[in-house]
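Please treat every number below as a calculation from the coordinates, not as lab data. Keep in mind the model is a prediction, meaning the values are calculated, not measured. Counting neighbours? That spans all protein chains shown, and the Cβs are built from the backbone with ideal geometry, glycine included.
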């Protein structure tokens, strides 16, 4: 099997049907380019981040890896493979989604993905939110989405 990818920065998806043994591929563009120019997600509770679902293109969220990045103001930068200039930890995708109370308090977040922050990171919150804070989404080792987080009210 061969797959033609016409340009850099595209998302390649390979699926396999166990019943028919059929392999299919698709090549698509992610809906946004990774950038740290504006707030894309919201840190809504100490252990919970809301991230836009449409940013992943046709990649299923359970197959993506999400990372939280933080650093001094202006220190974070996106390159072709990661966010550089700070520290990072892995976030956990929560398939249960955001709690209804989040959607009631912030209706603009309905339909966003729920990303969970581990306890040891929550304990470091005041230091983390004093500078720039971002999320990176990866498909395999490729950065497919990135953006800053609104952190008002979580420190």
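On a full-extension model of 0.36 nm per residue, what is the gain between residue 81 and residue 119, subtracting their alpha-carbon distance, rounded to one decimal in nm?
On the way: separation 38, 0.36 × 38 = 13.68 nm, distance 2.68 nm.
11.0 nm is the gain from fully extending residue 81 to residue 119.
Of 22, 81, 65, which is the most mobile in a GNM of the chain whose springs link Cα atoms less than 10 angstrom apart?
Between 22, 81, 65, it is 22 that shows the largest mean-square fluctuation.
Contact order normalised by length for region 74-134, with contacts defined as Cα pairs under 8 Å and 6 or more residues apart; what percent is it? Present the calculation step by step, with values, prior to reporting the outcome.
Numbers: 45 pairs, mean separation 18.9, N = 61.
Relative CO of region 74-134 lands at 31 percent.
May I ask you to derive the FRET efficiency for residue 39 and residue 16 from their Cβ-Cβ distance with R0 = 41 Å, giving the value to the nearest 0.05? Before the final figure, lay out the partial values.
Numbers: r = 38 Å, r/R0 = 0.91.
Efficiency, from the Cβ-Cβ distance: 0.65.
Fully extended, how many nm does the chain gain between residue 89 and residue 53 (0.36 nm per residue separation, minus their Cα-Cα distance)? Let's see the in-between values first.
Numbers: separation 36, 0.36 × 36 = 12.96 nm, distance 2.00 nm.
That works out to 11.0 nm of additional length.
With just the Cα atoms defining each centre, how far is region 42-88 from region 97-113? Give it in Å.
For region 42-88 versus region 97-113, the Cα centre distance is 18 Å.
For Kirkwood radius over Cα pairs in Å, which listed value, [x] 16.4; [y] 15.7; [z] 23.1, comes from the coordinates shown?
[x]
What FRET efficiency comes out for residue 130 versus residue 24 if R0 is 41 angstrom and r is the Cβ-Cβ distance? Round to the nearest 0.05.
Working: r = 47 Å, r/R0 = 1.14.
The calculated FRET efficiency here is 0.30.
Let me know the Rg and Dmax you get for region 69-135 when you use only its Cα atoms, in Å.
13.9, 37
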